[in-house]
Amino acid sequence: MRYLGFTAGVLALFIMDELPNGESFEEMGAGKVAGIILGVAFGVVAFSYVFFIPYFHRRLVKNDARIRVWHIPLGPLLYRDSTPIYFPGKGDRAVKDYYAKSSIETNTGDIEKTHMKDDLDQPKNLGAENNGEGISTAIKADDGDSNGTSERKGGLSIPNQNRLSEHIIPAKPEPEERWLEPVRHLPIYSPKKLANWAKFALFQGVSRDVVTQKNLGAVHARAIVYDNRTEHLWTYAQVASAMMMSIAHGSNDVANAVGPWVASYNTYTSGEVTSKADTPIWILVVAGLLLGMGFWIYGYHVMRSLGNKITQVSPTRGFSMELGAAITVLLASRLALPVSTTQCLTGATIGVALCNFDVRAVNWKQVAFIFSSWVITLPCAGLISGLVMAMALNTPHF
């Protein structure tokens, strides 16, 4: 709960800093700024103790698979077993398996390096059926039997292929298989084919699998596997960290694109070149819509490259990555330092991956690919911009 309060406080700080046409910190004063930040932080902590603690107790401790996020308003009533549950959730799992894979392609030597975090406060035996935590109960935390479930080494449980196979789930179909293949034989004027093509055009960018990376089993197998209930707790804090990352992205990368646009628009409307110009609200709205459209259509490429293609990502790791990168970018924006959100997030991802205490938990090939793209884009952007400028200055004789 303290992390929720801390994250909310930091989020409030940067929202105040990035508000368009808002007061600066100097105008607001240190007392007002500190009061808002601490008020938000302690308010979130108080809300968490009243509503989140009973919710987590019922869902994660009692493993009540019926409880969902819309039951949070019940608050302390969730401590009572007799409380009526409206719109109960379906399924037999209280939380999902955050380490699920569509398949695991690795060799025995790699699998033996897989770690499962041992926690003395967690149940030691997770039975043959699903125990409501999203973990198959075939996994036993400290039994090293002849079936090869685990071997104890310095507080870590080393699972073998049988244990890893419990995290395998059926692969989800890609958009082409889901919408295009079933109607490939139909004529082009068929309403069903046109409808499926429309669905593909609208939703292909947000329906692709960016989580499971079956060809990176050797890298993912080296990451420490934490209890799914612990991972689930951090999904709520991750909402705030994702908001901070969005604000950081808007204050840095989007500002780089909007800046020339605002300068050109101001020069066109006023007829003079000024050192400063106010940003019209409609430009911010359009920039936000274009940013969302770009993510909706092609965002999955970057999500794959900066996510599980580098290392195993889970809610705890994702929260740490987003919060660290967001604070770095926002501080740099505050100091007017030109930094890249992608570079900060890549560094955060590598840093979190190295917390597995195994350099092979990082896909260094992917990291090298990302670094090479940074090196190549500089001269490419300069060359293209120079050619466009030469064409503009020499029109129509170029």
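The values are calculated or read from the model by the stated rules, or taken from the named source; none is laboratory data. What you see is a predicted model, and the numbers here were worked out from it, not measured in a lab. In this analysis, Cβ positions are derived from the backbone assuming ideal geometry, glycine residues included, and neighbour counts consider all displayed protein chains.
In this structure, is residue 293 closer than 22 Å to residue 342 by Cβ, assigned to a helix (DSSP H, G or I) and without any contact (Cβ under 8 Å) to a residue 12 or more places away in the chain? Steps first, answer last, please.
Details: closer than 22 Å to residue 342 by Cβ: yes; assigned to a helix (DSSP H, G or I): yes; without any contact (Cβ under 8 Å) to a residue 12 or more places away in the chain: yes.
Taking the combined requirement at face value, the residue satisfies it.
Filter segment 70-98 for residues that are modelled with pLDDT under 90 and in contact with a Gly (Cβ under 9 Å, 6 or more places away or on another chain) and give the result.
92, 93, 94, 95, 96, 97, 98
Here is a list of conditions, (1) assigned to a helix (DSSP H, G or I); (2) touching a Ser or Thr at 6+ places or on another chain (Cβ under 7 Å), and residue 222 meets all of them except one; can you say which number that is?
(1)
Name, by its number, the condition in (1) surrounded by fewer than 18 Cβ atoms within 10 Å (Cβ to Cβ); (2) outside any helix (DSSP H, G or I); (3) of a type in the set (Ser, Thr, Tyr) that does not hold for residue 373.
That leaves (2) as the condition not met.
With the structure loaded, tell me whether residue 246 is in a helix (DSSP H, G or I), out of contact with any Asp or Glu (no Cβ under 8 Å at 6 or more places or on another chain) and either free of Cβ contacts under 8 Å to residues at least 60 places away in the same chain or not acidic (Asp, Glu) (or both) or whether it fails that test.
yes
Given the structure, is residue 319 surrounded by fewer than 17 Cβ atoms within 10 Å (Cβ to Cβ), of a type in the set (Phe, Trp, Tyr) and in a helix (DSSP H, G or I)? Show your work before the answer.
On the way: surrounded by fewer than 17 Cβ atoms within 10 Å (Cβ to Cβ): no; of a type in the set (Phe, Trp, Tyr): yes; in a helix (DSSP H, G or I): yes.
Taking the combined requirement at face value, the residue does not satisfy it.
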